[in-house]
Amino acid sequence: MKIEEIKNIVQLMSQHDLTEFKIEAEETRLCIKRGSGGGVVATSSAPIITPAAFQPPPVAQQQQIGEPEKKEEAHQETIDSPIVGTFYCAPSPDAEPFVKVGDSVTPDTVVCIVEAMKVMNEIKAEKSGVIKEVLVENAQPVEFGQPLFALA
C-alpha cells in the first residue's frame, strides 16, 4: 500500500469521524484506529510506517492556513450554532431573512433556523448587539458551536 493511499484513508476517517479502518488484501493487512486524543494507531503486516506522519491537521488549523485575518476575528462576539444541522436565514425560501447586516438584536431575537432531523429549530441571538456579518451561506450545513453571525 502506498503512502498517499494511507494518507487519503486517514483524511477520510477524519472527515467522516470514523474511529477504525481495517483492510486486508493479498500480502497486506492494515488496521488504523483513531483514539479519543485524536492520534492515529496503525498496525500492518507490511513494513510499518510512523502514523504520526499521516495525521491531517485538525479542521480549525486547515481553515487558518493562509487566512491570518481570521485569527483576529476569533475574539469578536459571535452568535454560534447550538446544534448540528442545516442553516436557513429565512423562514421560507421566498421570505425575507430574519436579520441582515446592520440589524440590532436582543437576546430574544430569532436570527435563523437550523434544521436537524427534519425539525426546524428557531435560533435566538441570546446576546445583544448589531449584526456585523453573516458567516454562513443559506442552506449550508453547520456544526455545533460554529459561529453563524458576527456582532459589532
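Some notes on this structure:
- The Rg/Rh ratio of region 72-151, with Rg taken over Cα atoms and Rh as the Kirkwood radius over Cα pairs, comes to 0.93.
- For GluC sites (Glu not before Pro), the sites in region 117-150 that DSSP calls loop and that have at most 13 other Cβ atoms within 10 Å are Glu137, Glu143.
- Cβ-based net charge around Arg34, under 10 Å, with every Lys or Arg adding one and every Asp or Glu removing one: -1
No value in this document is a laboratory result; all are computed from the given coordinates. Predicted, not measured: the structure shown is a model, and the values here were computed from it. Positions of Cβ are backbone-derived with ideal geometry, glycine not excepted, and every protein chain shown enters the neighbour counts.
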